[in-house]
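The values are calculated or read from the model by the stated rules, or taken from the named source; none is laboratory data. Here the structure is a predicted model, which means the values were calculated and not measured. Note that we place each Cβ from the backbone using ideal geometry, even for glycine, and neighbour counts take in every protein chain shown. Please note that ligands, DNA and RNA were not included when accessible areas were found on the heavy atoms of the full protein model with its side chains. Shrake-Rupley method; radii C 1.70, N 1.55, O 1.52, S 1.80 Å.
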Amino acid sequence: MTDPPYQRIAGEIRARILNGDLRPGDRMPSIRQIAQRWGVAVATATRVMAALRDEGLVEAKVGAGTVVSARQQRTTPNRQGVPKQALTRKHVLRTAIAIADAEGLDAVSMRRLAAQLGSGPMSLYRHVANKDELVTQMADEVFGEPDLPDPGPDGWRAKLELISRQQWALCRRHPWLPRAVSFTRPLLVPNMMAHTEWTLRALDGLGLPMAIQVREALTLHGLVVTAALSLADEIEAEQETGMPLDQWWLTQRRQADELLASDRFPLLATIPADAVSDLDGLFEYSLARHLDGFAALVADASRHDGGLRLARPSQ
């Protein structure tokens, strides 16, 4: 019988590592690149990487993705005679978060997590029922990292700026987080609900209907997530190509200079070089302009003594 595809692909990569073609510290192909190069599904490519990790041939490196391990120990985490640490829910979640931080959400699986913890997959089911629940609990664990001040800074605007920047910082530390949350099917878990409750308290007393307050809380969170998705895409692109965004723009400059020198795009020619690549600046601009618009809504509500209605599309 022929080996399963993931074993065949893992064998090819293993041979390159053992014969020195891939050296310790070299960047491994990403899961997406493996899927494209060998024409297999992402799930198969994920199993390839998991198999190589289980053998100690590759390891996760924060900010660089997966690299060839300097140890290259072909040992298993369950070898006899090594005492196992008792698993706790906190330990399981923080280990899963560390994997996702380094390699992305696709790298997190019950099998991979069990291998990382040095335990059998069945032991994980005492803490989480499946991967969906695992990701939900990971997101909730992350949202519990910042301390939400009580009552917080004076004024609704300062409060909304604070909660937005805290969530932006979370997405910077955990690039997978934006893909783990949903607006239409929100995660009903304590720490995420605490963020929403804190935002609603910041809006309380402005004379706005609760429906508008909820929409504002969701819109503000959506602003953070939208910017964070661009950030996550950029981190993934940098890990796959090894090329930071500012360096990528440099490689495009010759073509851009030729286009801009043609006088077809006189306004584009005046754009500062860092206006697009500065994602932090773009987030701060989006937040400020959104809150400017919301301030006008609050002022309008004050003039109408809270008589605002939900805007509906014309029939």
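Out of segment 164-235, which chymotrypsin sites (Phe, Trp or Tyr not before Pro) are coil in DSSP terms and have no more than 13 other C-beta atoms within 10 Å?
Taking segment 164-235 and a limit of 13 other Cβ atoms within 10 Å, the loop chymotrypsin sites (Phe, Trp or Tyr not before Pro) found are PHE183.
Starting at the first residue of segment 127-136, write each ³J(HN,Hα) from the Karplus equation 6.51 cos²θ - 1.76 cosθ + 1.60 with θ = phi - 60°, in whole Hz, x for Gly and Pro.
Working through the residues one at a time gives 10, 9, 7, 6, 5, 4, 5, 4, 5, 4 Hz.
Please list THR44, THR66, THR88, THR226 from largest to smallest accessible area, probe radius 1.4 Å, with all protein chains kept in place.
THR226, THR88, THR44, THR66
Per residue of segment 50-56, what does 6.51 cos²θ - 1.76 cosθ + 1.60 with θ = phi - 60° give for ³J(HN,Hα)? Whole Hz please, x for Gly and Pro, Karplus curve as stated.
With coefficients 6.51, -1.76 and 1.60, one gets 5, 5, 5, 5, 4, 7, x Hz.
Net charge near GLU145, counting Lys/Arg +1 and Asp/Glu -1 over other residues with Cβ under 13 Å of its Cβ?
Counting the neighbours of GLU145, the net charge comes to 0.
Around VAL58, which amide H atoms from residues at least 5 apart in sequence, or from another chain, sit under 5 Å from its own amide H, with H modelled in the peptide plane?
For VAL58, whose amide H was placed from the backbone, the distant partners under 5 Å are ARG53, SER69.
Using θ = phi - 60° and the Karplus curve 6.51 cos²θ - 1.76 cosθ + 1.60, what whole-Hz ³J(HN,Hα) does each residue of segment 165-172 get, with Gly and Pro shown as x?
Per-residue couplings from phi come out as 5, 5, 5, 4, 5, 4, 5, 5 Hz.
What nm value, rounded to one decimal, do you get for the distance between ARG173 and ALA211 when each label is placed 7 Å out toward the C-beta?
Here the modelled spin labels are 3.8 nm apart.
First measure r as the distance between the Cβ atoms of ALA129 and LEU259, then evaluate 1/(1 + (r/R0)^6) with R0 = 45 Å and state the FRET efficiency to the nearest 0.05.
0.25
For ARG172, what accessible area in Å² do you get when you roll a 1.4 Å probe over the heavy atoms of the protein chains, rounding to the nearest 10?
Looks like 100 Å² after rounding.
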